[in-house]
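What follows is calculated from the coordinates using simple rules that are stated; it is not laboratory data. As the structure is a prediction and not an experimental result, all values here were calculated from the model. Please note: Cβ atoms are built from the backbone with ideal geometry, for glycine as well, and neighbour counts cover all protein chains shown.
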Amino acid sequence: MISEQPDLLKIALAGTHKVGKSKLIERFTSDTFVDPLPCVLGIEFVRFPQKIVKIRLGSLECKLQVWDNALAEGYSTVLAAYYRKVHGVMLVYSVTERSSFSKIQTWADTVMQAAPNAAMLLVGSKADLRSDREVSYCEGVQLAESLGVPFLEASARTATNVDSAFALLTRLAVEECSLSTSRNS
Ligand SMILES: Nc1nc2c(ncn2[C@@H]2O[C@H](COP(=O)(O)OP(=O)(O)OP(=O)(O)O)[C@@H](O)[C@H]2O)c(=O)[nH]1
Ligand SMILES: [Mg+2]
């Protein structure tokens, strides 16, 4: 029932600061990884940049609106509004930062409250930084199981699993849209 999908799938990324959300989007949308110049002010204000990109899943072509976000998990009211109409959310932590891993449950709760039908995927980012690892692959698997979502480790720097992560999330979002349509009909 894939034909029931909307014209534009809204995909968002969630996760604490500096886990690599923007870099995953940059790798996926332009296949680059450019380290930015140092920020002069040292502060980045609230922003929700978005990009539109096409992705092919076998014979199916999907148009994705990919939303970035630089808000911390404390802004739950604003975040709830932001996630309300998403079709899929990538929950991102960095394998080099245990505190980002510990906050995933809070991010998942925010998304589930705002968009109960959204598909979710857990991604452990920066997998290339092997000597800095603080969270094991097994811990990622266990968290994903407890959330009931699939899991991948990825690296925007080496491009490992980035396309696969977006493709998997898109497929889950398309499936979830079809299920919602059939539940509502
Ligand atoms: N080695 C390595 N560094 C990464 C990777 N992804 C991101 N980084 C670095 O991690 C830092 C943060 O990456 P961002 O993509 O800006 O993180 P973010 O989650 O968008 O951060 P906020 O927008 O502040 O929430 C940057 O210095 C990146 O260069 C990766 O896969 N490998
Ligand atoms: Mg960012």
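Annotations
- Relative to the compact-globule estimate of 2.2 N^0.38 Å, the Cα radius of gyration of the chain comes out at 0.99.
- Label-point separation, E73 to D109 (7 Å along Cα→Cβ), nm: 0.9 nm
- Point-to-point label distance, R56-S99, nm (Cα→Cβ direction, 7 Å offset): 4.4 nm
- When the C-alpha to C-alpha distance is required to be over 21 Å, the pairs from K103/K126; K51/K103; K54/K103; K18/K63 that qualify are K51/K103; K54/K103; K18/K63.
- Along the axis of the charge dipole computed for the stretch 2-184 (Cβ charges of +1 for Lys and Arg, -1 for Asp and Glu, origin at the Cα centre), the listed residues I55, A156, G15 are led at the positive end by I55.
- Its relative contact order, with pairs defined as Cα atoms under 8 Å and 6+ residues apart, puts the chain at 28 percent.
- Sequence of V95, V66, V53 once ranked by neighbouring C-beta atoms within 10 Å, starting from the fewest: V53, V66, V95
- Calculated FRET value between A81 and D7, using beta carbons and R₀ = 30 Å, to 0.05: 0.85
- The stretch 2-184, dipole about Cα centre (Lys/Arg Cβ +1, Asp/Glu Cβ -1), debye to the nearest 20: 280 debye
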